[in-house]
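The values are calculated or read from the model by the stated rules, or taken from the named source; none is laboratory data. This is a predicted model, so every value here is computed, not measured. Glycine gets a Cβ as well: all are built from the backbone with ideal geometry, and neighbour counts include every protein chain shown.
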Amino acid sequence: MEHIVIRRMEESDIPGAAAVEAAVLDGWSEHGIGSALASGAARCFVACGETGVAGFCACTLAAGEANIDAVSVSMCERRKGVGEALVRFALDALKQEGAAEVFLEVRSENLPARRLYEKLGFAALGVRRGFYSAPPDDAVVMRKDL
Ligand SMILES: CC(C)(COP(=O)(O)OP(=O)(O)OC[C@H]1O[C@@H](n2cnc3c(N)ncnc32)[C@H](O)[C@@H]1OP(=O)(O)O)[C@@H](O)C(=O)NCCC(=O)NCCS
């Protein structure tokens, strides 16, 4: 994870974040990322390396409750601690802004992401059957106190 800077996302990061998301299941489009970033409840973060955006994390915050809506790391930067550092940064920022708890949904078959969230202290609350399509999968709902 050398030379990676994690910070709040800016509008100029949208194409880079979209390129990272383009390689993942259910990835967000450039338009979708732009709309999310423009929303008042959005809290978006990026991990930047020498070649640009290497990681993207989109959250929402309202009434003390946060949600992690998207997390992705570019293929060539995976398994180097970028995803963990990015989500830790997001959780710290959300807590500083008054979030008391944070929720997320993850594909049941997405073991890398589930392991990441478990490592960060998220616990499974329940399962939403058939929540995802293409390919079909259940969503595991996870929660963590901040
Ligand atoms: C999930 C994702 C963001 C993890 O990013 P990453 O930078 O590779 O993760 P890190 O290197 O920071 O790993 C942190 C922890 O996550 C878990 N983890 C990450 N990749 C893993 C893998 N392939 N297998 C098992 N556990 C994994 C481990 O617990 C790891 O801790 P460890 O290194 O002590 O074992 C990345 O795999 C990704 O972008 N996936 C596609 C998008 C996605 O599925 N997002 C989640 C949507 S809910």
Hits in segment 1-39 (condition: among the hydrophobic types (A, V, I, L, M, F, W, C) and in a loop (DSSP other than H, G, I, E, B)): Met1, Ile4, Met9, Ala22, Ala23, Val24, Leu25, Trp28
Lys95 being part of a strand (DSSP E or B) and over 14 Å from the mean Cα position of the chain (by Cα): no
Those residues of segment 30-58 which are within 15 Å of the ligand (Cβ to nearest atom), small (Gly, Ala, Ser) and farther than 13 Å from Glu77 by Cβ, in sequence order: Gly32, Ala36, Ala58
Residue in segment 108-115 that is surrounded by 16 or more Cβ atoms within 10 Å (Cβ to Cβ), within 8 Å of the ligand (Cβ to nearest atom), at pLDDT 95 or above and under 14 Å from Phe56 (Cβ atoms) present: yes
Among residues of segment 98-145, those that are in a helix (DSSP H, G or I) and not hydrophobic (A, V, I, L, M, F, W, C), counted: 6
Positions within segment 40-88 being of a type in the set (Asp, Glu), within 20 Å of Pro112 (Cβ to Cβ) and not in a strand (DSSP E or B), in sequence order: Glu77, Glu84
Unmet criterion (only one of (1) more than 6 Å from the ligand (Cβ to nearest atom); (2) crowded, with 16+ Cβ neighbours inside 10 Å) for Val82: (1)
Matching residues, segment 19-30, being under 23 Å from Ala139 (Cβ atoms) and surrounded by 15 or more Cβ atoms within 10 Å (Cβ to Cβ): Val20, Glu21, Val24, Gly27, Trp28
